[in-house]
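Some notes on the structure that comes next.
The values are calculated or read from the model by the stated rules, or taken from the named source; none is laboratory data. Being a predicted model, the structure only gives us computed values, none of them experimental. Positions of Cβ are generated from backbone atoms using ideal geometry, with glycine treated the same way; all protein chains shown enter the neighbour counts.
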C-alpha cells in the first residue's frame, strides 16, 4: 500500500515537472516573422539600426519613399513589452574630416499592437529629436517625408 502511494506521488511530481517544462518552452515562442522597413524623417542618414539585436538595415534622409529597404525576418518574443533599438548615424562632414566616431544612441519603445501574430510589416518611423515610433501594417505605406527628393 505504501509503495503504491509513493509511486503515485512520484508520478504526480513527474507530471507537474513535465507541465512546468512545457509551459516554460511555450513562453519562449515568438510572434512573426515580420518584415521591417525604416522611414527617416530626420536630416541625417541612419547608417544602421538594430531591433533587439536584429539587424534591420539603414534609412537615408530626404528620400520620398522613406529611405529604407525592407528587411526580413524580425521575430518578437511573446513576453516582450518593449523593443530595444540601437541606432548609428552616418558621419557628418565634420566627423569625417576630423576622424571622429559616429553618433549612436539606444532607446526602448513599446511593442506595437500586432493584430496579425504571424505576418505583416513593422514600420519604424525615425522622427526628429531621436524619437522612434513603430507600428504594424499589412503592407508598407508611403509616408510623406518633408523636404524629400525623388
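For residue 125, indicate whether it is closer than 11 Å to residue 37 by Cα and in contact (Cβ under 8 Å) with a residue 40 or more places away in the chain. Yes.
Taking the conditions (1) touching a residue at least 60 places away in the same chain (Cβ under 8 Å); (2) under 14 Å from the mean Cα position of the chain (by Cα) in turn, residue 82 satisfies each one other than (1). Touching a strand residue (DSSP E or B) at 6+ places or on another chain (Cβ under 8 Å), buried (at least 16 other Cβ atoms within 10 Å of the Cβ), in contact (Cβ under 8 Å) with a residue 60 or more places away in the chain and in a loop (DSSP other than H, G, I, E, B), is that true of residue 112? In short, no. Taking the conditions exactly as written (at pLDDT 85 or above and surrounded by fewer than 17 Cβ atoms within 10 Å (Cβ to Cβ)), does residue 50 satisfy them or not? Here the answer is yes, as residue 50 does meet what is asked. Put simply, of 38, 15, 65, 57 the only residue that is in contact with a strand residue (DSSP E or B) (Cβ under 8 Å, 6 or more places away or on another chain) and modelled with pLDDT under 85 is 57.
Among the residues in segment 140-150, are any at pLDDT 95 or above and surrounded by 14 or more Cβ atoms within 10 Å (Cβ to Cβ)? No: zero hits.
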